[in-house]
Amino acid sequence: MTGDDVTDVKPSMAPASAPDALARDAATAGAATAGAIAQAPPAAPAASALPPDELARMTDDIVAALKTVYDPEIPADIYELGLIYKVDIADDRGVALDMTLTTPNCPSAAELPHMVEDAVASVAGVREVKVNLVWDPPWDPSRMSDEARLVLNMW
């Protein structure tokens, strides 16, 4: 359940309407590391100590919580916008997230990570939440789900 690229989400928490975006991101994320990835096989996913049904419930609830967080300037949630790059649920029920913003100059840069932390922390069973703000790879509109494109009329 762990991977090497920034689109790794544990377990699969990508928007259901954008599976091709993850495949595309996996193929294009980090051209500089493509040689290293090609030389070494990917690490086998580690088995979780959490029961599968508990992990599935937490995953669904975390996605639902992320979908309640909106950028104040954009009428689409951060999950469908593709701002969440990675969600890792640890065996101790701690959650670590990698997220980005649409731009480093985003006026909501100070508040959005706290909103994400609060939303995920509200999920039953989640212990500590750590939100990492990342800028690589930079966000672009191709990361949006079809749902976000529809809301924003970006076809």
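Bear in mind that the values in this text are calculations on the coordinates, not laboratory data. Not measured: the values here are computed from a predicted model. Neighbour counts run over all protein chains shown; Cβ positions are idealised from the backbone, glycine included.
The table for this structure:
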item: Label-point separation in nm, M154 to A121, each point 7 Å along Cα→Cβ; result: 2.9 nm
item: Stretchable slack from A56 to N105, in nm (0.36 nm times residue separation minus alpha-carbon distance); result: 14.1 nm
item: Part-to-part distance (alpha-carbon centres) for segment 112-155 and segment 57-81, which is given in Å; result: 6 Å
item: Extension gain, A90 back to S48 (0.36 nm per residue minus Cα-Cα distance, nm); result: 14.3 nm
item: For G82, residues with placed amide H under 5 Å, excluding near neighbours; result: S145
item: Exposure proxy order (Cβ contacts within 10 Å, fewest to most) of R127, R143, R149; result: R127, R149, R143
